[in-house]
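Notes follow the structure.
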Amino acid sequence: MAVATRLTAMQEKKLQNYFGGKQFTLLYKASVHEFSAFSFLKRCCGQGPTLMVIYGGCYVWGAYIRENYERDDTVPIVLFAFQENEISECDVGAHSPSMFLYEYGIRWNDSSGFLLELKGKKVTVNLDAAKKLGLPQNQPISFEECEVFRCEDLLDKRIMKGITQLHEKLLSDMRIYSPYGGLVRQIRILLLGPTGAGKSSFFNSVKSVFRGHVTHQALAGYEATGVSGKYRTYSIKDQRSGNALPFILCDSMGLGEKEEGLCTDDIVYILKGHISDRYQFNSTKPITPVHSNYIDNPLLKDRIHCVALVFDINSVEHLSRDMMAKIKKIRRELIKCGVAHVVLLTHVDSMDLISRGDLGDIYKCMLVKSKLETVHRELGFALSDILVVSNYTSEWELDPVKDVLILSALRQMLWAADDFLEDLPPEETEIKEEESPSV
């Protein structure tokens, strides 16, 4: 019979994420394998990095040993404790497991910071560490259970090799992609969604992937109407070839509550290609054909070929009635105009219980599946049209796991745009881009 941990699912996920994306294998449970230093060392030495969890009353805390160890090795030890579902830590330096484990009354050395007496079910922590971790000041501290887990990377070398290969294939596919029928040189993808959903961050993330480093060209933020009220069209150059990639990402003003944010009347004009780059939106005054920036006779290359409706995955279940009504109205216009559209859910990495390891196969994660089902049920989108990404928002280094999610979502948008172009009536495809003025 399998031995179960006392950690809750939430505690286990938080610890996995806190210590760098680990998976846990239970090696030792004192109530099963005996409250004995001998049993502890026999089962845990030579197992690689380990996490010891101590349960005593309302306290869940323990020690993380970052390196593989044998009985008399000296290894760095970090103490940790849960404080109101958050984790605090205290580095107590390097020590030998055989020295911090003892069977009977070996003298307490206050400088070591941590001594565990398994047989007596007591542990002593120096007072500074106890205070920092929110543990009882009265020493020693009694406990009822002790568990030790082997800690391994959730994404091991084999998995990372597969992700790297997929990453390179997706990059190659994007570089050689050509829009359906040669009707246009670049697909135009419009990003629409509530303020702060991650529209500008998605553009920045796509550009980062192709530039080979994190970049933040488009301003991103959470002001009431977004950082910028301008319509922007972004063409991205591939760092390797120096050529423009076969798509343009179009960033718009965020959708606001009631009359705030992007005016929905402007959206039809954007879809049909009447609005030019850097047009300044006015939420109370939509563009009209007499406006100086109005494009009278847009070509197929000026039109939007795919729309991505962008939502924060953490708040998509809590959209207001006004926002839901606005989104449904926009979707009706998209269907009426025949424009392909998908949903893009961002900030998946900030969901509770989601680890970096989950990002490697995110669509199989039950927590994410639940979010997809909500969007499908509430907004009517097919599950296959709901995409999930983790944008670059605060990082300074690229991560191939995130890159794969971003590139996979972009590929789906391009395929959707191809469907739109293929479905156009003949009279709308007679004038090709190469017969029109260059961009």
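The values are calculated or read from the model by the stated rules, or taken from the named source; none is laboratory data. Please read all numbers here as calculations on a predicted model, not as lab measurements. All Cβ positions, glycine included, derive from the backbone under ideal geometry; neighbour counts span all protein chains shown. Remember, those area values only see protein heavy atoms, side chains included, never the ligands or the DNA or RNA. Shrake-Rupley method; radii C 1.70, N 1.55, O 1.52, S 1.80 Å.
Computed quantities for the displayed model
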{"read-out": "Point-to-point label distance, Thr8-Asp128, nm (Cα→Cβ direction, 7 Å offset)", "value": "3.3"}
{"read-out": "Highest-MSF residue in the chain out of Lys301, Lys42, Lys22 [GNM, Cα springs under 10 Å]", "value": "Lys42"}
{"read-out": "Rounded percent of accessible protein surface that carbon and sulfur make up, segment 1-101, 1.4 Å probe", "value": "49"}
{"read-out": "Computed FRET value (nearest 0.05) for Gln23 with Val268, which takes r as the C-beta separation and R₀ as 45 Å", "value": "0.35"}
{"read-out": "³J(HN,Hα), Karplus 6.51/-1.76/1.60, whole Hz, each residue of segment 202-207, x for Gly, Pro", "value": "5, 4, 4, 5, 4, 4"}
{"read-out": "Net length gained if the chain between Gln239 and Ser276 were fully extended (0.36 nm per residue, minus Cα distance)", "value": "10.7 nm"}
{"read-out": "Highest-MSF residue in the chain out of Val307, Val290, Val388 [GNM, Cα springs under 10 Å]", "value": "Val290"}
{"read-out": "Label-point separation, Glu395 to Ala382 (7 Å along Cα→Cβ), nm", "value": "3.0"}
{"read-out": "R0 of 35 Å, Cβ-Cβ distance Glu427-Ser315: FRET efficiency to nearest 0.05", "value": "0.25"}
{"read-out": "Chain lengthening between Arg211 and Ser96 when straightened (0.36 nm per residue, less Cα-Cα)", "value": "36.8 nm"}
{"read-out": "Relative contact order %, the chain, counting alpha carbon pairs below 8 Å whose residues are six or more apart", "value": "15"}
{"read-out": "Estimated dipole of the chain in Debye, rounded to 20 [Cβ of Lys and Arg +1, of Asp and Glu -1, Cα centre]", "value": "280"}
{"read-out": "Structure-derived volume of the Cα convex hull per residue in Å³ - corresponding label in [x] 147; [y] 186; [z] 169", "value": "[z]"}
{"read-out": "On Cα atoms only, tilt of 321-337 relative to the major axis of the chain in degrees", "value": "50"}
{"read-out": "Nearest-20 debye value, segment 287-424 charge dipole, Cβ charges on Lys, Arg, Asp, Glu", "value": "560"}
{"read-out": "Exposed chymotrypsin sites (Phe, Trp or Tyr not before Pro) absent - longest run of the chain, DSSP non-H/G/I/E/B, at most 12 other C-beta within 10 Å", "value": "223-395"}
{"read-out": "On Cα atoms only, tilt of 366-379 relative to the major axis of the chain in degrees", "value": "30"}
{"read-out": "Choice from Pro246, Pro426, Pro76 with maximal GNM fluctuation in the chain (Cα, 10 Å cutoff)", "value": "Pro426"}
{"read-out": "Difference of contour (0.36 nm per residue) and Cα-Cα distance, Thr288 to Ala325", "value": "10.9 nm"}
{"read-out": "Angle in degrees between helix 157-176 and the longest Cα principal axis of the chain, rounded to the nearest 10", "value": "10"}
{"read-out": "In order through segment 412-422: 3J(HN,Hα) via Karplus (6.51 cos²θ - 1.76 cosθ + 1.60), integer Hz, x for Gly, Pro", "value": "4, 5, 5, 5, 4, 5, 4, 4, 4, 5, 5"}
{"read-out": "Residue (of Pro426, Pro194, Phe381) at the positive-pole extreme of the chain, dipole from beta-carbon charges", "value": "Phe381"}
{"read-out": "Solvent exposure of the chain as accessible area per residue, Å², 1.4 Å probe", "value": "48"}
